[in-house]
Structure formats: structure tokens, C-alpha cells
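**Q** The structure's right below; bear with me while I get my questions together.
The values are calculated or read from the model by the stated rules, or taken from the named source; none is laboratory data. Owing to the predicted nature of the structure, the values given are computational and were not obtained by experimental measurement. Here the Cβ positions follow ideal geometry from the backbone for every residue, glycine too, while neighbour counts run over all protein chains shown. Protein only, heavy atoms only, side chains kept; ligands, DNA and RNA dropped before computing areas. Shrake-Rupley method; radii C 1.70, N 1.55, O 1.52, S 1.80 Å.
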Amino acid sequence: TRTIVDQVSALKSMVDDFRDYARLPAPVLVLIDLNALILDILALYETSAVPVYQSLGSDLPNILADASQLRQVLHNLIQNAQDAMSGQDRPADAAIRITTQRSGSRIQLSVSDHGSGFPEQLMARIFEPYVTTKSRGTGLGLAIVKKIVDEHQGEISIQSAPGQGATVNIFFPLPEQFV
């Protein structure tokens, strides 16, 4: 009975995740300070098992974004990085690193880890729904992240070295007055 209840619960979670992916609301874009948003989110990870460090570019202009959707993006990426680094031997200095910098007419946000990385055969489909390396979960996290980035007219890419870690790079366009 317990197994059936657990499976029904897992299926309900998968259906809920897919519903959220399919019905993601349109972003409400306002000027936000990306660095301030990151610092606010990182306060929640101060006592996490895997340290999270930041190196935020100084004097970055604000970007047009939906703060609640960017929170979802950052929480997802940090959680993925933590999952990739849990339960494995890692160097003493292994951590999650979040950086921001200006890159031409865009702001670059990067989240790096020293985790297991992604298998090379998944890289071409990494942002597709239901693609995952985890034993649990729905495989919708990176699909939702990509959808949010796309709706912000941004670009996302992943560099991965299996067994050595991964870096997710997101580029947000600057509003015209800052270009």
C-alpha cells in the first residue's frame, strides 16, 4: 500500500510540474537590479551543505525582468548544482559559484558547480521536458528555466565536463537606454 501511495504521489507531482510548465504565466517585466535579487536569494543558502559563493559585477545596469520568475530560475539552478554535488567526493574548495558581468549589450549570469556534469549524449536535449540525470524528479526544471529565459529575450547555454562540473550561462539583453 505504501508503494502505491508513493507512486501516486510521484505521478501527481509530475502532473503538477507539467501543468506549471505548460501554464507558465507571461513575465511582468520591470527594471530590476539582478545583483540585489541574487544577494536576496543567496541569503536562503547561507547554511547549505554545499557553499554558494558569488562574484557580482559592479555597477551593472538594471535589466527588464520578472523578479519572481528569475527567483525560480536561480533556485532551480542552485538546487540542480547542489544535487550534482551531493553524495560524491569533491575537492575541499568545491562550491557553487554565481557570477554576473556585463558582456557587450547584455548582462551575463553564470552558475557553476564542481558536480557530476551532464553526460555528453544528453547535451543536445538538455532543455527538453523530461530529460534528467536524476533518479527522482520530472526533468522539467531546465525546460522551465529555458522557457523563462526565452520569454525574457535572453539566451542560455551549458558547458559541462562529465565528472568535473557544469556551468550554466544566461545572457539578458540590456534595456535600450543602457546599451
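**Q** Mind checking which residues of the range 150-159 are more than 14 Å from the chain's Cα centre (by Cα) and either assigned to a loop (DSSP other than H, G, I, E, B) or surrounded by 20 or more Cβ atoms within 10 Å (Cβ to Cβ) (or both)? Spell out the reasoning first.
**A** Let us first name the residues in the range 150-159 that are more than 14 Å from the chain's Cα centre (by Cα), namely 151-153.
Result: H152, Q153.
**Q** Let me ask something else. In this structure, is L44 open to solvent by 40 Å² or more (accessible area, probe 1.4 Å), modelled with pLDDT of 95 or more and either among the hydrophobic types (A, V, I, L, M, F, W, C) or part of a loop (DSSP other than H, G, I, E, B) (or both)?
**A** Details: open to solvent by 40 Å² or more (accessible area, probe 1.4 Å): yes; modelled with pLDDT of 95 or more: no; either among the hydrophobic types (A, V, I, L, M, F, W, C) or part of a loop (DSSP other than H, G, I, E, B) (or both): yes.
When the stated conditions are applied, L44 does not pass them.
**Q** Restricting to the range 111-127, give me the number of residues that are open to solvent by 20 Å² or more (accessible area, probe 1.4 Å), within 30 Å of N62 (Cα to Cα) and modelled with pLDDT under 85.
**A** Of the range 111-127, the ones open to solvent by 20 Å² or more (accessible area, probe 1.4 Å) are 112-114, 116, 118-125, 127.
When the remaining residues are screened for being within 30 Å of N62 (Cα to Cα), the result is 112-114, 127.
Applying the additional criterion that residues be modelled with pLDDT under 85 yields 127.
Adding up the residues that qualify gives 1.
**Q** Right, here's the next one. Checking the conditions here, which among Q54, Q69, Q108 is over 19 Å from A161 (Cβ atoms), touching a residue at least 24 places away in the same chain (Cβ under 8 Å) and open to solvent by 80 Å² or more (accessible area, probe 1.4 Å)? Working first, answer last.
**A** Values: Q69 fails: open to solvent by 80 Å² or more (accessible area, probe 1.4 Å); Q108 fails: open to solvent by 80 Å² or more (accessible area, probe 1.4 Å).
Every option except Q54 fails the conditions.
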